[in-house]
1. As an exercise: evaluate residue 185 against (1) outside any loop (DSSP other than H, G, I, E, B); (2) touching a residue at least 24 places away in the same chain (Cβ under 8 Å); (3) in contact with a strand residue (DSSP E or B) (Cβ under 7 Å, 6 or more places away or on another chain) and give the number of the one condition it does not meet.
2. Could you check segment 195-224 and list, in sequence order, the residues that are assigned to a loop (DSSP other than H, G, I, E, B) and either under 16 Å from residue 256 (Cα atoms) or touching a residue at least 12 places away in the same chain (Cβ under 8 Å) (or both)?
3. Scan segment 144-162 residue by residue and report those that are within 20 Å of the chain's Cα centre (by Cα), assigned to a helix (DSSP H, G or I) and aliphatic (A, V, I, L, M).
4. Collect the residues in segment 129-148 that are surrounded by 19 or more Cβ atoms within 10 Å (Cβ to Cβ) and over 12 Å from residue 332 (Cα atoms), keeping them in residue-number order.
5. Restricting attention to segment 168-212, which residues are hydroxyl-bearing (Ser, Thr, Tyr) and either more than 19 Å from residue 314 (Cα to Cα) or out of contact with any Lys or Arg (no Cβ under 7 Å at 6 or more places or on another chain) (or both)?
6. Which condition number does residue 114 fail, the rest of (1) basic (Lys, Arg); (2) modelled with pLDDT under 95; (3) crowded, with 23+ Cβ neighbours inside 10 Å being met?
7. Conditions: (1) surrounded by 18 or more Cβ atoms within 10 Å (Cβ to Cβ); (2) hydroxyl-bearing (Ser, Thr, Tyr); (3) under 23 Å from residue 232 (Cα atoms). Residue 57 meets all but one. Number of the miss?
Amino acid sequence: MSLWDSYKMRVRRKRRLIRALRKSSELTQVQDNTSAIRPDDVLLVCTMRNEKIRLPYFLEYYRELGINHFLFVDNGSDDGSADYLRGMKDVSVWHTDASYRRSGFGVDWMNYLKRKYAHGHWVLVVDPDEFFVYPFCDTRPVQALTDWLDNCEIRSFGAMLLDVYPKGRLGDEPYQEGQNPMEIASWFDSGNYAISRNAKYGNLWIQGGPRARVFFKHKPAKAPALNKVPLVKWDRRYAYVSSTHMLLPRGLNRVYDEWGGEKASGVLLHAKFLDTFSAKAAEELVRGQHYAKSIEYKTYANNPDQNPQLWGKWSEKYINWRQLEILGLMSKGNWA
């Protein structure tokens, strides 16, 4: 990268931080437990809207993983999500009715919270339908991973977004509040992925899986990106640029080995495709608050089958992280 390109990236990062500070005025704190955050705590930051049905298992999953404190931005929920979180000592909540799209799809709000509360902490940024899987997660807490990353002087950890879905049609089995969504959506595409390198930001760009196969089969280049960098040892000078797909400084995006080896990586199990999907997609289509004029939700709405079956010849039933490593979807690298 030339000196001029490096300068432009620094300017872009500073602009993102200024945007975050400006957008912080849209946030109203409704539950403040941040004084309980300890220096070595691993934090989780999440933006949500009407996710009360998912919150019980989401919190259970990440508490068991070792997350110490949750920072939620509630973007205009009217289903009781914020009330459900009330009184939880490891949860802090901010409310906003401002535009999700104009906040960089929530990125500005989260950049502000991380700048204020997460400096020097490992922080995981996920959506309520994403479940972080990393090497040895069945036997080691997330602090074991972050300690190893610290010892290796690694500042960021990549994870592929892996869509999970049921074997039958999406609406066949109702999801119950508090239920593990993988009890219903336990299948994933074991292949069918395309990977390229984003020269501008230095990250890998991954597309494919059931969304590309079913909803974007005639325009695969428009399929959603599956590459994420969700876990970062945060510094107040850092900023996400596009969801958790990429960050600045751009060196944080190099979560793969450029010399032919393997770096440790994880997976985000994406439990979007439950019976709740159709109603959620319809709501978001009307709101028009998502990326590229909500092209993803328009594509779902225009699908001839409004209760599709995603299961197919690429499908494999999820077992554990070791299975995903064997399939080449994640790696333990040199972490033993």
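1. Of the numbered conditions (1) outside any loop (DSSP other than H, G, I, E, B); (2) touching a residue at least 24 places away in the same chain (Cβ under 8 Å); (3) in contact with a strand residue (DSSP E or B) (Cβ under 7 Å, 6 or more places away or on another chain), the odd one out for residue 185 is (1).
2. Keep residues of segment 195-224 that are assigned to a loop (DSSP other than H, G, I, E, B), which gives 198-203, 216-219, 223-224.
Within segment 195-224, 198, 199, 200, 201, 202, 203, 216, 223, 224 qualify.
3. Taking segment 144-162 as the starting set, the residues that turn out to be within 20 Å of the chain's Cα centre (by Cα) are 145-146, 149, 154-162.
Then drop every residue that is not assigned to a helix (DSSP H, G or I), which leaves 145-146, 149.
Once the filter is applied, which keeps residues that are within 20 Å of the chain's Cα centre (by Cα), assigned to a helix (DSSP H, G or I) and aliphatic (A, V, I, L, M), segment 144-162 yields 145, 149.
4. The answer is 129, 130, 131, 132, 142, 146.
5. Our first condition is that a residue be hydroxyl-bearing (Ser, Thr, Tyr); within segment 168-212, this holds for 175, 186, 190, 193, 196, 201.
Once the filter is applied, which keeps residues that are hydroxyl-bearing (Ser, Thr, Tyr) and either more than 19 Å from residue 314 (Cα to Cα) or out of contact with any Lys or Arg (no Cβ under 7 Å at 6 or more places or on another chain) (or both), segment 168-212 yields 175, 190, 193, 196, 201.
6. For residue 114, the exception is condition (2).
7. Here residue 57 clears every test but (3).
Residues checked against (1) touching a residue at least 12 places away in the same chain (Cβ under 8 Å); (2) surrounded by 13 or more Cβ atoms within 10 Å (Cβ to Cβ):
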| position | (1), (2) |
| --- | --- |
| 6 | no, no |
| 9 | yes, yes |
| 14 | no, yes |
| 18 | no, no |
| 31 | yes, yes |
| 37 | yes, yes |
| 43 | yes, yes |
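The values are calculated or read from the model by the stated rules, or taken from the named source; none is laboratory data. It should be emphasised that the depicted structure is a prediction, and the values quoted were computed from it without experimental measurement. All Cβ positions, even for glycine, are placed from backbone atoms using ideal geometry, and neighbour counts span all protein chains on display.
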